[in-house]
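Let me begin by presenting the structure, written as structure tokens, before commenting on it.
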RNA sequence: GGCGCAUUCGUCUAGUGGCUAGGACACAGCCCUCUCAAGGCUGGUGCACGGGUUCGAUCCCCGUAUGCGCUGCCA
């Protein structure tokens, strides 16, 4: 059947995957999965063909990281290639000839322009509805250039030609193209080709509503790859921008999104990207990670900051990381959180120092040290009992001992469970660290 | 300027011609607790404005404002 859904993601290789592009790719992917259709990846590199290979690779990396696989395109093959516009010169020449044959183009100072039909063009958008564009006036809608004097092609022309050639049934793209659509429709007509269904999805803006550009925080997918985010969490968050399951769910399995997703239910309003919420959602996913995957990602996060884990026994590392699970939202937070396990030269938190290393706590810390030194077994339960007994002896609240002790052995006033962390660190290290800390009073 | 699209808490959103307009993030407070995180509870802020239509509009229509997009030999 020719009614099969064929969609495409057609980025220009800029060297990185933009978050807005990622969302466009995601919605195309979702629609393809939902309908059992085909997703085509096409690289629109008409402008500069110099760093295309490398820049395109960055696109693949970003898409694959998000789990957005394509059925046809670079590194996937397909019967409608090549999938780089820079390799489709013959196709464009052929289509240009068609326009020449029907007198729809003319030369203008070396460039070639397409002559618009002076008429009203109706675009029936799946998301935006029926919109009428008045193209009757050459003043407000001058004919458009489709080829530059140097022979390079303009986006509008090659984009439409490729969509025809690749038998694209649904063009799902950013709303910034909505106003270009009547031009594209004119091209389809000139080629006597049936236009696809158009679906213009809202844009992603910064939190303050301004347009998200290259420089903005979180604009590149690399922010998330390098920042210790989980792909399924970022993908989940992206699904929620311009679409909703309508039942108050925030964390939602991708299979479920595929099942529920439809173009008609996509919003028409631009959405602001809220990194805080994306990070929160990531935390939800991190908490539910399997032990193995958590350990693997945690190790990676530490190693990329230069921690040499091979120096420590595997069981030590595993136990140490285990105490951090559920305590942070993104993996880039982990090294600072658990660095004390792997480095004796940690910094002391200045506020903690001012608050807890005060004269009356010195004696308390000494008492804790003595209690710990006397222990035959250095496990969490014993440590807790010992610390509580010491507190009772001194007639102070447990917290009065917990805080100085934590600060002494970790340098921080927040962290994993104290008793477990002490057990993992071991008696020798703990006593040595308390001794060192005592000298700071 | 012209054309197009949009407008529910700060942000993402649910929602209906009649409801105390719901949820989530963020924020504040309390509880829990060895800290933090998580969890529980509580709190505040919202239907852009002005006209209609209607017994009644957040919801329908028209304007205005604001935002965004297009208006390139960028994509």
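Placing a pseudo-label 7 Å from each Cα along the Cα-to-Cβ vector at residue A:393 and residue A:214 gives an inter-label distance of 6.6 nm.
Eigenvalues of the alpha-carbon gyration tensor of the stretch A:96-227, scaled by 5 and square-rooted, set the equivalent ellipsoid semi-axes at 30, 19, 15 angstrom, largest first.
Across every pair of different alpha-carbon atoms, what Kirkwood hydrodynamic radius in Å does the stretch A:200-254 reach? Walk me through the numbers before you get to the answer.
Details: mean 1/r = 0.0787 Å⁻¹.
Averaging 1/r across every pair of different Cα atoms and inverting gives 12.7 Å.
At 0.36 nm per residue, and after removing the present C-alpha to C-alpha distance, how many nm does the segment from residue A:303 to residue A:54 gain when stretched out fully? Write out the running numbers ahead of the final one.
Details: separation 249, 0.36 × 249 = 89.64 nm, distance 2.61 nm.
Here the answer is 87.0 nm.
If you run the Gaussian network model on chain A, springs between alpha carbon atoms under 10 Å, then out of A:371, A:320, A:58 the most flexible one is A:371. Going by neighbour counts of Cβ atoms within 10 Å, the residues A:102, A:323, A:410, A:14 line up, fewest first, as A:102, A:14, A:323, A:410. Among A:353, A:26, sorting on how many other beta-carbon atoms sit within 10 Å of each Cβ, with the fewest leading, yields A:353, A:26.
Of all the options A:382, A:52, A:223, the one that moves most in a Gaussian network model of chain A with Cα springs shorter than 10 angstrom is A:382.
Here residue A:267 and residue A:312 are evaluated by their C-beta separation; at R0 = 41 Å the FRET efficiency comes out at 0.25.
Compared with the dominant Cα axis of chain A, that is its longest principal axis, helix A:181-190 is turned about 40°.
I'd like the antiparallel share, as a percent to the nearest 5, of DSSP beta bridges with both residues in chain A. Can you show the working numbers first?
Numbers: 17 of 32 bridges.
Restricted to chain A, the bridges split so that about 55 percent are antiparallel.
Look at where the Cα atoms of the stretch A:363-379 and of the stretch A:102-116 average out, and the two centres are 88 Å apart.
Under the simplified labelling scheme, the residue A:349-residue A:179 pair shows an inter-label distance of 5.1 nm, with each label point 7 Å from Cα along Cα→Cβ. Cβ crowding within 10 Å ranks A:331, A:9, A:348, A:312 as A:312, A:348, A:331, A:9, fewest other Cβ atoms first. Relative to the longest principal axis of the Cα atoms of chain A, the long axis of helix A:398-410 makes an angle of roughly 70 degrees. Between A:13, A:416, A:350, the Gaussian network model of chain A with springs among Cα atoms under 10 angstrom shows the greatest mean-square fluctuation at A:350. Potential lengthening of the chain between residue A:276 and residue A:428 amounts to 50.7 nm, from the contour at 0.36 nm per residue minus the alpha-carbon distance. Of the beta bridges in the stretch A:1-136, as assigned by DSSP with both residues counted there, near 65 percent are antiparallel.
In terms of its Cα atoms, chain A spans 98, 44, 42 Å along the principal axes, sorted from long to short. For the pair residue A:130 and residue A:225 in one chain, pulling the backbone fully straight at 0.36 nm per residue adds 30.3 nm over the alpha carbon distance. With a simple spin-label model that places each label point 7 Å from the Cα along the Cα-to-Cβ direction, the separation between residue A:258 and residue A:362 comes to 6.6 nm. Between residue A:246 and residue A:167, the FRET efficiency from the beta-carbon distance, with R0 = 22 Å, is close to 0.10. Our helix-only sum for chain A, with -39,500 (n - 2.57) per DSSP H run of n ≥ 4 divided by its residues, gives a mean residue ellipticity at 222 nm of -13500 deg cm²/dmol. How far, in degrees from 0 to 90, does helix A:291-303 lean away from the longest principal axis of the Cα atoms of chain A, to the nearest 10? Here the helix axis deviates by roughly 90 degrees.
Could you order peptides A:165-173, A:251-259 by the average number of other Cβ atoms within 10 Å of their residues, highest first? Mind showing how you got there, number by number?
On the way: A:165-173: 21.0, A:251-259: 14.2.
Final packing ranking: A:165-173, A:251-259.
Since every read-out is calculated from the coordinates, none of them should be taken as a lab result. Everything numeric here is computed off the predicted structure, so don't read it as measured data. Cβ: placed from backbone, ideal geometry, glycine included. Neighbour counts: every protein chain shown.
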